[in-house]
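The values are calculated or read from the model by the stated rules, or taken from the named source; none is laboratory data. Because the structure is a prediction, the values reported are computed rather than measured. Quick reminder, even Gly has a Cβ in these numbers, built from the backbone with ideal geometry, and neighbours come from all protein chains shown. To get the accessible areas, we keep the full protein, side chains included, count just its heavy atoms, and leave off ligands, DNA and RNA. Shrake-Rupley method; radii C 1.70, N 1.55, O 1.52, S 1.80 Å.
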Amino acid sequence: MRAECSKGAGMELDVALELCGGRSWLSCKVLVSSELELYSGAAKLVVAVAVFLLTFYVISQVFEIKMDASLGNLFARSALDAVVRSTKPPRYKCGISKACPEKHFAFKMASGAANVVGPKICLEDNVLMSGVKNNVGRGINVALVNGKTGELIDTRYFDMWGGNVAPFIEFLKAIQDGTIVLMGTYDDGATKLNDEARRLIAELGSTSITHLGFRDNWVFCGGKGIKTKSPFEQICSLLKYYTVVVFQQHIKNNKDTNKYEGWPEVVEMEGCIPQKQD
């Protein structure tokens, strides 16, 4: 039987001799074929595993490179954003030029522009009156604020061209001590003003009210209970911190210098109002 199985040569013969034992040639052939297929399958498995591992390695390397690039871009963008934020000028309340110290209210206001754009009054980053809020009108626009808390008390406007000054006088008389008063003209704020109304506004700290004329542009920030007048009330763009609560800006109506036909240019004012202390 071993002679029949010796038809192979070399290693195949040795393998066949060991595997065949006492089997017939047909059985020996089947057994050898099965063993060879087993070895071949194992080899293919090894190759497949090797290819898989190699593919996984290549993909992981590529992904790691992309990840490094992504992280690098992310850190670069973060650093750039930090630089931009550090160079961007800070924004202060109401858009004023400098921050107010503690226990002060930041404010910014502008008169109306001709008879087209209404005045705007902002306090502590809150717009109290404006055309957008639809609470302004021709004449003198007034916002009353609690001098201790900064809370808005009331907003009104009084037509000093076609209206009656009496309601305005009653309004001024009813203002309580410690109230911050902000005023701005729109179109014309002077035609119907009489001496009593001007006196009541002067008691709030104004000096320009006595000569406010037809279509003059005027903005004013004062308070009820003020005992003195401010030497800074006629300075434009008040950027310093004062110990009084009166700020004022006034531009006369003059046909030779008017920016708009029949009206002077808009006046703006900003500053810091000391909080009322007990």
(request) Take T155 and decide whether it is touching a strand residue (DSSP E or B) at 6+ places or on another chain (Cβ under 6 Å) and modelled with pLDDT under 95. (result) no
(request) Tell me, please, whether a residue that is under 28 Å from the mean Cα position of the chain (by Cα), open to solvent by 20 Å² or more (accessible area, probe 1.4 Å) and of a type in the set (A, V, I, L, M, F, W, C) can be found in segment 160-174. (result) no
(message) Conditions first: (1) open to solvent by less than 20 Å² (accessible area, probe 1.4 Å); (2) of a type outside the set (G, A, S); (3) modelled with pLDDT of 90 or more. L212 passes all but one, so which condition is the exception?
(response) (3)
